[in-house]
1. Restricting the search to the range A:30-56, which residues are at the interface with chain B (Cβ under 7 Å from one of its Cβ atoms), more than 23 Å from residue B:8 (Cβ to Cβ) and either free of Cβ contacts under 8 Å to residues at least 24 places away in the same chain or surrounded by fewer than 16 Cβ atoms within 10 Å (Cβ to Cβ) (or both)?
2. List pairs: first residue in the range A:172-194 and not assigned by TED's automatic domain parsing to the domain that holds residue A:141, second residue exposed (fewer than 10 other Cβ atoms within 10 Å of the Cβ) anywhere in the structure, Cβ distance under 8 angstrom, at least six positions apart or on different chains.
3. Give the residue that is nearest to residue A:187 (Cα to Cα), with candidates limited to residues of the range A:132-141 that are in contact with a strand residue (DSSP E or B) (Cβ under 7 Å, 6 or more places away or on another chain) and not in a loop (DSSP other than H, G, I, E, B).
4. Any chance the range B:20-42 includes a residue that's touching a helix residue (DSSP H, G or I) at 6+ places or on another chain (Cβ under 7 Å) and either in a loop (DSSP other than H, G, I, E, B) or not assigned by TED's automatic domain parsing to the domain that holds residue B:9 (or both)?
5. Looking at residue B:61 and the list (1) touching a helix residue (DSSP H, G or I) at 6+ places or on another chain (Cβ under 8 Å); (2) assigned to a loop (DSSP other than H, G, I, E, B); (3) within 30 Å of residue A:45 (Cα to Cα); (4) at the interface with chain A (Cβ under 10 Å from one of its Cβ atoms), which single condition is not satisfied?
6. Select from the range B:64-85 the residues that are in a strand (DSSP E or B) and crowded, with 20+ Cβ neighbours inside 10 Å and write down the one among them that is nearest to the other protein chains (Cβ to nearest Cβ).
7. Do we have any residue at all in the range A:124-141 that's surrounded by 16 or more Cβ atoms within 10 Å (Cβ to Cβ), in contact (Cβ under 8 Å) with a residue 12 or more places away in the chain and within 14 Å of chain B (Cβ to nearest Cβ)?
8. Taking residue B:24, is it surrounded by fewer than 19 Cβ atoms within 10 Å (Cβ to Cβ), facing chain A (nearest Cβ under 7 Å) and either out of contact with any strand residue (DSSP E or B) (no Cβ under 8 Å at 6 or more places or on another chain) or more than 21 Å from residue A:27 (Cβ to Cβ) (or both)?
């Protein structure tokens, strides 16, 4: 049985969303057409508007509607002299939710991946080099993902920072809080041992 | 931290889709804006077009772009004299995928639910009564969901069919094929026992 072309096309388009397979797409399409036509129209409009309006922050490259994003426009954060390098805008959100970091960000929008033809300029490292030359950055915090590409990217940026004589750190990797040792993978456990911290009894 | 308004609105609109929570909506929004802007625009267009064009089949009430859906327009199916009553267009798809049924459908687009103010006319039973009076229907197959509302709806339609002296059947309920007895709920197992079929040795 063939569904009518508009329904088939809607299901196909819904399947392009991450985590949506044929069955979910069918359920979404039918729910919109049966009961949520208003919500469906709002979604169509939200999509068009976001795609039309949202671009990249001219300072940190994150996604924003403005020329400069809210975080980069924050004078207090700029004066902290901290620059955290992350791969995606979602990483910025995750770090902001900890409430522990009060500096600026630089969003690579990806990572170095020579096999896919993604070089330093594709992830904005020319722009980063320019910022390091012109701004007074006290410390760079490398918060790229702990994957092979993320580590390579972090290494590349650390080199760049060294050329500008800027202190650089990498976020800690180890056993997640609330995790059980038994279920932690070997690489993480290895990091947890090599990155162990001496307990300072005077601090208690 | 506040995201820019267009991104926030896109995430809110995505959350109206079934099975999409805040985290999935965030992932979808970022993926569209970072890498899939073309697919996002196509989705916006597919939504608008489907919502504008898709209405209900004038014969069976299922979702379709045409005046009469493909199945109702099929002469062979109409002549079979079978009418299967289902709750949603997704049920039609599921039954069609079995390949075992070659008759027509009537799609209620819901079920009787007096508490929610959904009466017989809201699920098209006035239209069904009209069809039963004017068409020659040999058998009605009740395939509403085995829920309280679905059973009540089936019962109501069975009464309607009796008034028109039409033979009526309910699809079988029992242990799902491939299921294990141990994990089947009591109500289903009860149905499986009360609906047991005598094994006819002559048939082997």
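1. A:30, A:34
2. A:175/A:181; A:189/A:181
3. Quick first cut of the range A:132-141, residues in contact with a strand residue (DSSP E or B) (Cβ under 7 Å, 6 or more places away or on another chain) only: A:137-141.
Filter once more, keeping what is not in a loop (DSSP other than H, G, I, E, B): A:139-141.
On the way: A:139: 27, A:140: 25, A:141: 22 Å.
Per the criteria, the residue is A:141.
4. Yes: the range B:20-42 contains one or more residues that are touching a helix residue (DSSP H, G or I) at 6+ places or on another chain (Cβ under 7 Å) and either in a loop (DSSP other than H, G, I, E, B) or not assigned by TED's automatic domain parsing to the domain that holds residue B:9 (or both).
5. So the condition that residue B:61 fails would be (4).
6. We begin by selecting, within the range B:64-85, every residue in a strand (DSSP E or B); these are B:64, B:82-85.
Adding the requirement that they be crowded, with 20+ Cβ neighbours inside 10 Å leaves B:64, B:83-85.
On the way: B:64: 5, B:83: 17, B:84: 13, B:85: 17 Å.
The extreme case among them is B:64.
7. Checked the range A:124-141: at least one residue is surrounded by 16 or more Cβ atoms within 10 Å (Cβ to Cβ), in contact (Cβ under 8 Å) with a residue 12 or more places away in the chain and within 14 Å of chain B (Cβ to nearest Cβ).
8. On the way: surrounded by fewer than 19 Cβ atoms within 10 Å (Cβ to Cβ): yes; facing chain A (nearest Cβ under 7 Å): yes; either out of contact with any strand residue (DSSP E or B) (no Cβ under 8 Å at 6 or more places or on another chain) or more than 21 Å from residue A:27 (Cβ to Cβ) (or both): yes.
When the stated conditions are applied, residue B:24 passes them.
The values are calculated or read from the model by the stated rules, or taken from the named source; none is laboratory data. Everything numeric in this text was worked out from a predicted model, so none of it was measured. Here Cβ is always computed from backbone atoms with ideal geometry, including for glycine, and neighbour counts include all displayed protein chains.
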